[in-house]
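Structure record follows, encoded as structure tokens.
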Amino acid sequence: MIMQKFTINKKLSLTSLAVSIALGGCASTGSNPNDEWQGWNEGAQSFNDTVDKAVLKPLAKGYEAITPEPIDEGVTNFFSNLNDIGVTVNDVLQLKFLQGGMDLSRFVINSTAGVAGFFDVAKMVDLPKHNEDFGQTLGFWGVPAGPYLVLPFAGPSSPRDFVGILGDALLNPLTYVSGFGGVAANAATAGARLVDVTDTRAGLMTTEKVIDEGSVNRYDFIKNAYEQRREYLIHDGNPPSNDIDLEEEDASSKTDKPSGKTSSTAPAKATNTFNSAPIPRSTNTGPAPVINAPKHTLELSAPEEKK
């Protein structure tokens, strides 16, 4: 058994090395200052699209075909309930104590009355689902996102969110079941993760159609959607905006001002406060805007159009 496990791990390591070398050949700093790793990113996205087309999408279609709607919803609720553990911890780390209490209550209620989370009973008593992760926590405390980064298998990310993924893994109970359990526990955990990935991919079918039909450049569309969505989440629905229009208006007023004349009341100078000073952090410990849509759907693709 040990020799067999060693052989499997060796094969996986060689496969990962081959993927890294293949993608590394595509990596370049590029000429776009807003996308320093565009060469790597495009290669990684192409690799992910190939894996998705060959494995994940057919698996998700089969899952949708054989899974009744109530079962599908129950599976989604189960993994969402496990996610609430990490959400609660990140609430506290972001000083959102009221929201943390709400999310902890969600987990307790759904884990008991909701039968291990298969039923979202908490929603019926006005405890909505929130979306907080360790990447958002790092952003809350001022850690910069860094360049846009596409990860093999994981998709759109950034150096900050990559660290966030590792942090979230430490808050997931399945990580410890897999790490400290026996063969049966490892098999059960692997099966659970496969179901989670399949269920998540099935939920992306509609959004994928929006991306394919509504984008001229698929890479840019996904990149912009991901970065805007992360800013939206980190700033709790109030992302900073660049006052470009105010600056242009101020510059225009200076240009049009007649020479040789002075004005007793000069127009107020427009400044970009977000570029000249650190973004102020809210001290409000109340709940953030509710995020009812699945996390991965919003982070890996464009936000769906409001109805």
Which of the peptides 175-182, 45-52 is most tightly packed, and how do the rest follow, judged by the mean count of other Cβ atoms within 10 Å per residue?
-> 45-52, 175-182
Taking only the alpha-carbon positions of region 168-237 as identical scatterers, the Debye log10 I(q)/I(0) at q = 0.11, 0.15, 0.18, 0.20 Å⁻¹ comes out as -0.48, -0.75, -0.87, -0.92
Per the 1/(1 + (r/R0)^6) rule, R0 = 25 Å and r from the Cβ atoms of residue 212 and residue 46, FRET efficiency to 0.05 is 0.95
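What's the local net charge at residue 220, with K and R +1, D and E -1, over the other residues with C-beta under 11 Å away?
Value of the local net charge: -1.
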What is the ratio of the Cα radius of gyration of region 89-211 to 2.2 N^0.38 Å, where N is its residue count, to two decimals?
-> 1.21
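Here are some pairs, 61/96; 61/223; 129/209; 57/123; 53/129; 96/209; which of them have Cα atoms lying more than 28 Å apart in this structure? Spell out each step's value before the answer.
Values: 61/96 39 Å; 61/223 25 Å; 129/209 26 Å; 57/123 30 Å; 53/129 31 Å; 96/209 36 Å.
Pairs exceeding 28 Å: 61/96; 57/123; 53/129; 96/209.
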Residue 195 versus residue 64, label points 7 Å from Cα toward the beta carbon: distance in nm?
-> 2.0 nm
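Using a 10 Å cut-off on Cβ atoms, rank the peptides 65-74, 124-133 from the highest mean neighbour count down. Don't jump to the answer; show the numbers that get you there.
Working: 65-74: 12.0, 124-133: 18.4.
Packing order, densest peptide first, comes out as 124-133, 65-74.
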Just the Cα atoms of region 21-172: what Rg and Dmax do they give in Å?
-> 18.8, 56
Between residue 113 and residue 153, how many nm apart are label points set 7 Å from Cα along the C-beta direction?
-> 3.9 nm
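Values quoted throughout were computed directly from the atomic coordinates according to the rules given, and no laboratory measurement underlies them. Bear in mind the structure is a predicted one, so any value in this text is a computation, not a measurement. Positions of Cβ are generated from backbone atoms using ideal geometry, with glycine treated the same way; all protein chains shown enter the neighbour counts.
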